[in-house]
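One structure is given here, and the rest of the page talks about it.
Here, each number is a calculation from the coordinates, and none is a lab measurement. Just so it is clear, the structure is predicted and the values come from calculations on it, not from any experiment. Glycine also receives a Cβ, built like all others from the backbone with ideal geometry; neighbour counts cover every protein chain displayed.
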Amino acid sequence: MRCIIFNRVASFCRKVLNRDSSTRVNEEPTLQIFQRQEHGISRNAISENALKVLYRLNKAGFDAYLVGGGVRDILLNKQPKDFDIATNATPEEIKHLFRNCRLIGRRFRLAHILFGRDVIEVATFRGHHSDPQRKPDVKAKPDVKDKQDAKNKQQISSQSQEGMLLRDNVYGTIDEDAERRDFTINALYYSIKDFTVRDYANGIHDLNNRIIRLMGDPETRYREDPVRMLRAVRFAAKLDMDIDATTAAPIEQLAPLLRDIPSARLFEESLKLLQAGQGLETYKLLRQHNLFQQLFPILSDHFTEDHSSQTEQMIEHILAATDARIANDQRVNPAFMYAAMLWYPLTTRAEEISFASGLAFYDAFMVAANDILDEQVRTIAIPRRHTTTIRDIWQQQLRFNRRTGKRAFKTLEHPKFRASYDFLEMRGQFEGDDIAALASWWNEFQNADRAQRNKMVLQINDGSGSRRPRRRRPQHRKKPQAKSPS
């Protein structure tokens with residue numbers, strides 16, 4: 001109890017003492033304006049849809065800039081994945097200009113301009129949230145009619161006891177918006193009007209020196225949004241940069257703050273981290289900074305100092321394979337990745353349940369699968385469409401050894417056979433012997449004609465095929481009863 005009271009008092013003191021740094025990250029941002037001939041950004045590198053949005057906002061009398069990752073990636077000669085725009089137009093004004101606009105978000109009110117599958121995200125300049133009831137810096141046009149106007153115009157900002165921003169819809173100027181950015185390399189604004197780049201935090205200098213640097217006091221910024229710790233690691237791996245020492249220092253200690261992040265948001269973040277083409281390097285950085293352990297607490301029990309456990313080898317293998325598929329423009333399935341990462345914790349749990357309860361291994365396996373997935377989704381909300389596939393892949397691993405009669409043919413017809421077989425083949429690389437032989441048998445079986453398949457099954461029935469020894473239920477010896485005295 002004393003510890004809880006102390007933590008609350010400390011949290012309150014932090015909020016009071018750090019109020020200035022929380023609301024004003026940099027008191028006086030150093031603005032540098034780079035002319036067209038100094039930065040080399042061409043409109044040809046910007047998507048046509050993003051240009052349409054920029055031009056229409058400008059034509060309507062608003063300021064609008066390409067901002068953040070789009071500018072950063074073009075400066076690094078990389079193809080941006082997304083093009084985000086910042087403007088002094090309110091969400092309601094944006095919606096009035098674009099019929100293909102959808103307003104989203106409660107924590108951060110955003111406008112999504114839809115062009116088929118292409119989505120251009122437009123955000124209103126953020127202001128300081130020291131005065132949650134301040135009047136809007138920009139006002140909606142009087143002819144804007146929307147049922148949500150009265151609600152949306154309210155400038156709302158709130159924080160949790162730990163300092164995390166729960167809602168941040170205070171609008172401001174471009175200068176204030178720049179101060180609210182997370183990393184220096186993201187505080188870059190490209191204007192389609194005069195083709196200049198506005199750099200508020202020496203972001204181009206950090207790009208040139210390949211440094212990931214957080215704006216403002218790192219602890220305060222991480223407490224406002226703990227996901228910034230994941231973003232620091234993701235950018236470092238994605239851009240092949242180093243995290244600034246001051247930026248990295250508090251991460252290991254503050255990593256448990258990720259437990260307060262909604263599990264649905266962490267699912268999306270996990271895909272950005274592990275299925276964007278730099279998954280293996282990202283994983284290593286996450287481990288180094290005590291972040292991976294927060295996302296996958298089940299796996300941390302299987303970690304070793306020299307990274308030599310089967311679980312760790314499997315994680316590194318599946319992430320390297322995922323990176324290779326992405327590099328070759330091949331599709332990747334989150335379910336397969338999660339199934340691989342959680343496989344050895346699953347089998348360990350199943351063996352423990354079987355031994356403790358006397359259940360047959362198959363039944364213990366099903367119980368363990370439920371336990372493992374239930375525990376994992378508390379941290380990362382893996383959608384049901386993926387957990388269903390994960391269960392199918394896992395169950396098929398037990399069925400692969402059942403090849404007598406018509407079982408092999410039924411297994412071959414299962415909708416998830418290919419993914420399950422790929423998983424079995426991958427297991428064979430780690431477990432060898434029986435599993436490798438089993439994978440080899442199924443490889444031959446699926447590529448054989450009908451007659452050859454019948455022959456292979458008959459060999460199994462006769463006992464001449466390779467068979468894996470059955471798992472035996474643990475035998476619990478009964479204690480000898482004490483002899484009654486005669």
Subject >> Point-to-point label distance, Lys406-Ala451, nm (Cα→Cβ direction, 7 Å offset) >> reply: 2.4
Subject >> Farthest toward positive dipole pole in the range 327-463 [+1 Lys/Arg, -1 Asp/Glu at C-beta], among Asn328, Ala350, Phe409 >> reply: Phe409
**OP:** Give, rounded to the nearest 20 debye, the magnitude of the charge dipole that the range 327-463 has about its Cα centre when Lys and Arg contribute +1 at Cβ and Asp and Glu contribute -1 at Cβ.
**Re:** 640
Original post:
Exposure proxy check: Lys52, Lys193 ranked by fewest other beta carbons within 10 Å?
Top reply: Lys193, Lys52
Original post:
For Asp194 and Ser440 in the same chain, what is the full-extension length gain: residue separation times 0.36 nm, less their Cα-Cα distance, in nm?
Top reply: 82.2 nm
Original post:
Once amide H atoms are placed 1.01 Å from N in the peptide plane, what residues at a sequence separation of 5 or more from Leu188, or on another chain, have their amide H within under 5 Å of its amide H?
Top reply: Gly68
**OP:** Indicate the gyration tensor shape class of the range 327-463 (rounded, prolate or oblate), computed on the Cα atoms with a ≥ b ≥ c the square roots of the eigenvalues: a/c under 1.5 is rounded; otherwise a/b larger than b/c is prolate and the rest oblate.
**Re:** oblate
**OP:** In whole Hz, with x marking every Gly and Pro, tabulate ³J(HN,Hα) for the range 243-255 from phi via Karplus 6.51 cos²θ - 1.76 cosθ + 1.60, θ = phi - 60°.
**Re:** 7, 3, 4, 5, 5, 7, 3, x, 4, 4, 6, 8, 3
**OP:** Rounded to whole Hz and in sequence order, give me ³J(HN,Hα) for the range 91-103 from the Karplus expression 6.51 cos²θ - 1.76 cosθ + 1.60, θ = phi - 60°, writing x for Gly and Pro.
**Re:** x, 5, 5, 5, 4, 5, 7, 10, 5, 8, 9, 10, 8
Original post:
Whose amide H sits under 5 Å from the amide H of Phe183, counting only residues 5 or more places off or on another chain, with H placed in the peptide plane?
Top reply: Met215
Subject >> ³J(HN,Hα) computed for each position of the range 413-425 - Karplus, 6.51 cos²θ - 1.76 cosθ + 1.60, integer Hz, glycine/proline x >> reply: 8, 5, x, 9, 4, 4, 5, 5, 5, 4, 5, 4, 4
Original post:
How big is the Kirkwood radius of the range 251-325, worked out from every pair of different alpha carbons and given in Å to one decimal?
Top reply: 12.9
Original post:
Using +1 on the beta carbon of Lys and Arg, -1 on that of Asp and Glu, and nothing else charged, what's the dipole of the range 357-421 about the Cα centre, debye to 20?
Top reply: 460
Original post:
Taking the Cα centre of each part, how many Å lie between the range 295-373 and the range 170-187?
Top reply: 41
Original post:
Which distance in nm do the two modelled labels at Arg384 and Asp433 give, with both placed 7 Å along the Cα-to-Cβ direction?
Top reply: 4.1
